[in-house]
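Novice: Okay, handing you the structure first.
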Amino acid sequence: MSGKNVSGVVPADLFDVAQSIADYEGATMSSLVSSALAFYLSLPAAARRSARYVMSSKDEAARGLLLEGCARAAAQAADIRLSGQLAANGKALGLHEPSLTDEAIETLAVAAVREARNATRLAQSTIGGRKRPARART
């Protein structure tokens, strides 16, 4: 991808966490920063202002609530997209049981994705030596 070079200064601990995440995800620092910036700039202006306000505060409860909400919304959006893809791929390959409804196929696909995520959750619970907060399940 062609683009513009941008330079900036970030705190050393933030850089270390970002590098650990980039390494873990098999991404470059450039692609990680580009993705984060694209996500942030895609938010409505009011949401960006609110996020900056909360993240610049020392209120850990408010920061946790913001981050948990973002994480939950991202996971839900990915589940919806993935379940649709899995259902479509299964049908295209003729792997569906004629007696299964679309809803049953989707339920099975979502359950399989959740099971896979749960199996890897422990391995992902620490990044860069920092314990990530436990996520509440609903």
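Novice: Kindly provide the set of residues from region 37-70 that are over 20 Å from Ala18 (Cβ atoms) and aromatic (Phe, Trp, Tyr), ordered by number.
Specialist: Tyr53
Novice: While we're looking at this one, here's another question. Looking for whichever is in contact with a helix residue (DSSP H, G or I) (Cβ under 9 Å, 6 or more places away or on another chain), surrounded by 12 or more Cβ atoms within 10 Å (Cβ to Cβ), at pLDDT 80 or above and of a type outside the set (Lys, Arg) here; the options are Leu108, Leu86, Leu100, Leu65. Which one fits? Show your work before the answer.
Specialist: Working: Leu108 fails: at pLDDT 80 or above; Leu86 fails: at pLDDT 80 or above; Leu100 fails: at pLDDT 80 or above.
Sole residue among the options that is in contact with a helix residue (DSSP H, G or I) (Cβ under 9 Å, 6 or more places away or on another chain), surrounded by 12 or more Cβ atoms within 10 Å (Cβ to Cβ), at pLDDT 80 or above and of a type outside the set (Lys, Arg): Leu65.
Novice: I would also like to ask the following. Could you list, in sequence order, the residues of region 7-36 that are under 17 Å from Ser56 (Cβ atoms) and small (Gly, Ala, Ser)?
Specialist: Across region 7-36, the qualifying residues are Gly8, Ala36.
Novice: So which of Val33, Val113, Val17 ends up being of a type in the set (A, V, I, L, M), touching a Leu at 6+ places or on another chain (Cβ under 6 Å), in contact (Cβ under 8 Å) with a residue 12 or more places away in the chain and surrounded by 12 or more Cβ atoms within 10 Å (Cβ to Cβ)?
Specialist: That would be Val113, the only listed residue that is of a type in the set (A, V, I, L, M), touching a Leu at 6+ places or on another chain (Cβ under 6 Å), in contact (Cβ under 8 Å) with a residue 12 or more places away in the chain and surrounded by 12 or more Cβ atoms within 10 Å (Cβ to Cβ).
Novice: With the structure loaded, tell me whether Ser50 is hydroxyl-bearing (Ser, Thr, Tyr), touching a helix residue (DSSP H, G or I) at 6+ places or on another chain (Cβ under 6 Å) and assigned to a helix (DSSP H, G or I) or whether it fails that test. Steps first, please.
Specialist: Values: hydroxyl-bearing (Ser, Thr, Tyr): yes; touching a helix residue (DSSP H, G or I) at 6+ places or on another chain (Cβ under 6 Å): no; assigned to a helix (DSSP H, G or I): yes.
Considered against the rule, which asks whether it is hydroxyl-bearing (Ser, Thr, Tyr), touching a helix residue (DSSP H, G or I) at 6+ places or on another chain (Cβ under 6 Å) and assigned to a helix (DSSP H, G or I), Ser50 comes out as no.
Novice: Consider region 20-30. How many of its residues are touching a helix residue (DSSP H, G or I) at 6+ places or on another chain (Cβ under 7 Å) and surrounded by 12 or more Cβ atoms within 10 Å (Cβ to Cβ)? Give the steps one after another, and end with the answer.
Specialist: Just the residues of region 20-30 that are touching a helix residue (DSSP H, G or I) at 6+ places or on another chain (Cβ under 7 Å), to begin with: 21-22, 28-29.
Applying the additional criterion that residues be surrounded by 12 or more Cβ atoms within 10 Å (Cβ to Cβ) yields 21-22, 29.
Qualifying residue count, region 20-30: 3.
The values are calculated or read from the model by the stated rules, or taken from the named source; none is laboratory data. As the structure is a prediction and not an experimental result, all values here were calculated from the model. Every residue, glycine among them, receives a Cβ derived from its backbone with ideal geometry; neighbour counts consider all protein chains shown.
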